[in-house]
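Structure first, commentary second.
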Amino acid sequence: MGRSYSENITVNLLTSQMEGRDRIGRVKEILKSILFGATLFDMTQDALRMKWYTEQSLMLVSIGDMLGLPIVSYYRLRLLPYWIHKIQIWKTAVLKEKDITEKILS
């Protein structure tokens, strides 16, 4: 039931080609992540930070009365259903004490 010599060579060639493709694929992924980190990572972090600050300021304007800011508007109540699940996270982020090093590094 053993294979002939030529069958063994064929099987070995196919498996080595598949391993070579896997290695090439891994190298491509590594190079892609290096390129992303070198070029686009900083821009994406800035975009996420801007999104966070914009969202925080909108929440402060609309539901700032939870923190003691007297803001009266009917339209802010229309936004409340969209932000009800984020209120606790927002309160902890806004009311958290920040160190001077956090302000410098962010």
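Bear in mind that the values in this text are calculations on the coordinates, not laboratory data. No experiment lies behind these values; they were computed from the predicted model shown. Virtual Cβ from ideal backbone geometry, glycine too; neighbours counted across all protein chains shown.
Grab the other residues whose beta carbon is less than 13 angstrom from that of G64, score K and R as +1, D and E as -1, and report the net.
Values: positive: R76, K91; negative: D65.
Combined, the nearby Lys, Arg, Asp and Glu give +1.
Can you tell me the order of 72-80, 58-66 when each peptide is scored by its average per-residue count of other Cβ atoms within 10 angstrom, highest first? Show your work: numbers first, answer last.
On the way: 72-80: 10.3, 58-66: 15.7.
Packing order, densest peptide first, comes out as 58-66, 72-80.
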